[in-house]
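Here's the structure we're looking at; comments come further down.
Read-outs throughout are calculated quantities, based only on the coordinates presented, and are distinct from any laboratory measurement. Please read all numbers here as calculations on a predicted model, not as lab measurements. Here Cβ is always computed from backbone atoms with ideal geometry, including for glycine, and neighbour counts include all displayed protein chains.
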Amino acid sequence: MSTLHTHTSHDPVIACEQVVRTYPMGDAIVQAVRGIDLAIARGEFAAITGPSGCGKSTLLHLLGAVDVPTSGHVRINGRDTASLSDREATDFRLRQIGFVFQRFYLMPTLSATENVELPLAEAGMAKRARKARARELLGYVGLGDRGDHRPTQLSGGEQQRVAIARALANEPALLLADEPTGELDAETGVRLLELFGQLHRDGRTLVFVTHDAVVAQAAERVIRLHDGRVSSDTRRG
């Protein structure tokens, strides 16, 4: 099956060098991220965790090329994100990064297949090819028989699986997830974590943000943030 490819390159997918992100707030400057050095290897499964306000979401936006650092460098697949124009950044995210969000963000008027097709259409894939690709991906996430269903006809867990299939559409180098089990009950969350484990075994580079230490333990590496800094970085096994 051509859905996933295992990479063996030693070059990191993510390389952060002394990354700082500050924001003005009135007369004050808020330091959301304070000098983070971090490398995520190809094929790695990492969870970024920590208490509310520790900088997790800011760091995820930086890793997803949604934002750029105030100082320091974020390189994704060798590209310095600060060097990208707005148009280049949009195209870079489309082709290099898959996003999975807590609230799914599926288009309610489209079927599961059509939702998965959206990033393929944006990337210019022909209609027949993208329908075949969408069907393949829905089969991979266990929804081969749900392609014609709209989001309102799917459970929360099924909607998140559609969102994962959509995130994988353009064979991204990196899959980022923001509290991916946050809207799901515990049992459905466990099944979704099993899918993330399968994605990891199939060679995907996964980074997700979670405040839930139990969820974080599904990853092979747990990076804990405190007050905008990495407080611990541990690997299992």
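Rounded to the nearest 20, the size of the Cβ-charge dipole of segment 144-209 about its Cα centre is 180 debye, with Lys and Arg at +1 and Asp and Glu at -1.
Semi-axis lengths, largest first, of the ellipsoid equivalent to segment 62-152 are 30, 14, 11 Å, with √(5λ) applied to each eigenvalue of the Cα gyration tensor.
In terms of its C-alpha gyration tensor, segment 74-211 has an oblate overall shape, because the principal axis ratio a/c (a ≥ b ≥ c, square roots of the eigenvalues) is not below 1.5 and a/b does not outweigh b/c.
Think of the chain as having a plus end and a minus end, set by charges on the Cβ of Lys, Arg, Asp and Glu; of 121, 39, 222, 121 sits farthest toward the positive end of this dipole. Evaluated with a Cβ-only charge set (Lys, Arg +1; Asp, Glu -1), the chain carries a dipole of roughly 460 debye about its Cα centre, given to the nearest 20.
Rounded to 0.05, the FRET efficiency of the residue 66 and residue 187 pair, given R0 = 41 Å and the Cβ-Cβ distance, is 0.85. Note on the chain: dipole from Cβ charges, positive end direction compared against 147, 105, 55; the farthest Cα belongs to 147.
Evaluated on the chain, the Kirkwood hydrodynamic radius is 18.2 Å, with distances taken between all distinct Cα atoms. Highest GNM mean-square fluctuation among 219, 129, 163, for the chain modelled with Cα contacts below 10 Å: 129.
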